[in-house]
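Have a look at the structure below, then the notes.
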Amino acid sequence: MSELLFDLPPIPAIPVKGSDKAYPIGRIFCVGRNYAAHAAEMGFEVDREAPFYFTKSPANAMLTAGSTPYPPGTENFHHEMELVIAIGKPVFRASPEEGMAAIHAYGCGLDMTRRDLQIASRNKQRPWDLGKDVENSAVFGPLTPAEEFGAVANQRIWLEVNGESRQDATLEELIWKVDEVVSDLSKFYHLRPGDVIMTGTPAGVGPVAAGDVITGGIDGLHPISLTLTDPE
Ligand code: MN
């Protein structure tokens, strides 16, 4: 193989509870509108037709407890607190049962979003990338092995900004359950270890500002935090 012209910045690997080995991020898939109350606050009714997806570049991932400048090009940068699935084995055209068996671990994630740009592109029927694939916008907390976490049921999922409650729901409210998400996504991709799926956010999304400290958690998982610093 030829020598590389230059080195790329390393993509962070996510620590895994109880392991001295971290989980390298290969691809980042995100589910849209997967909680009815959030779909409603965005102006949509939910249906059970099929889930839909967007992606974030692994290069735009960062780990919890970091800080990042308020991003350029937006005046409405939003928090979205999410349950993250980490795939542990290859699956393609999986049944929900096979999809469930492919889940290696769960974690907390933040899907930070330039909401103004997302809505503008949505209204113009353009792609969401400028709104969603923001630098440092996919934030991951340490993973917990699936067998330790147990069933995804009515665990609380919450987010605070500067200690003030913004999002508070339970995983029971997920429209597409984790096994269904993996099964459906595997109709379109050969899912494999390294693939992480952000499963959507509950209601209560809203703007953040430079200086804000965002904290979130899900019962049974390592909590997550992000500090926003002044824009560059
Ligand atoms: Mn999201």
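Among the residues of the stretch 162-176, which ones are touching a residue at least 40 places away in the same chain (Cβ under 8 Å) and either in contact with a helix residue (DSSP H, G or I) (Cβ under 6 Å, 6 or more places away or on another chain) or buried (at least 16 other Cβ atoms within 10 Å of the Cβ) (or both)?
Those that are touching a residue at least 40 places away in the same chain (Cβ under 8 Å) and either in contact with a helix residue (DSSP H, G or I) (Cβ under 6 Å, 6 or more places away or on another chain) or buried (at least 16 other Cβ atoms within 10 Å of the Cβ) (or both): 166, 167, 169, 171, 173, 174, 175, 176.
List the number of the failed condition for residue 190; all other conditions in (1) within 14 Å of the ligand (Cβ to nearest atom); (2) in contact with a strand residue (DSSP E or B) (Cβ under 9 Å, 6 or more places away or on another chain); (3) not aromatic (Phe, Trp, Tyr) hold.
Here residue 190 clears every test but (1).
So in the stretch 193-221, with the set limited to residues that are part of a loop (DSSP other than H, G, I, E, B) and among the hydroxyl-bearing types (Ser, Thr, Tyr), which one is farthest from the ligand (Cβ to nearest atom)?
199
With respect to the numbered conditions (1) open to solvent by 70 Å² or more (accessible area, probe 1.4 Å); (2) within 16 Å of the ligand (Cβ to nearest atom); (3) aromatic (Phe, Trp, Tyr), which one is the sole condition not fulfilled by residue 6?
Result: residue 6 passes all but (2).
Residue by residue through the stretch 22-46, note down the ones that are surrounded by 17 or more Cβ atoms within 10 Å (Cβ to Cβ), within 14 Å of the ligand (Cβ to nearest atom) and not in a loop (DSSP other than H, G, I, E, B).
Listed by number, the residues that qualify are 28, 29, 30, 31, 35, 38, 39.
The values are calculated or read from the model by the stated rules, or taken from the named source; none is laboratory data. The structure presented is a predicted model; accordingly, all values stated were derived computationally and were not measured. Ideal geometry is used to build each Cβ from the backbone, glycine not excepted, and the neighbour counts take in all protein chains shown. Ligands, DNA and RNA are excluded from the accessible area calculation, which covers all protein heavy atoms including side chains. Shrake-Rupley method; radii C 1.70, N 1.55, O 1.52, S 1.80 Å.
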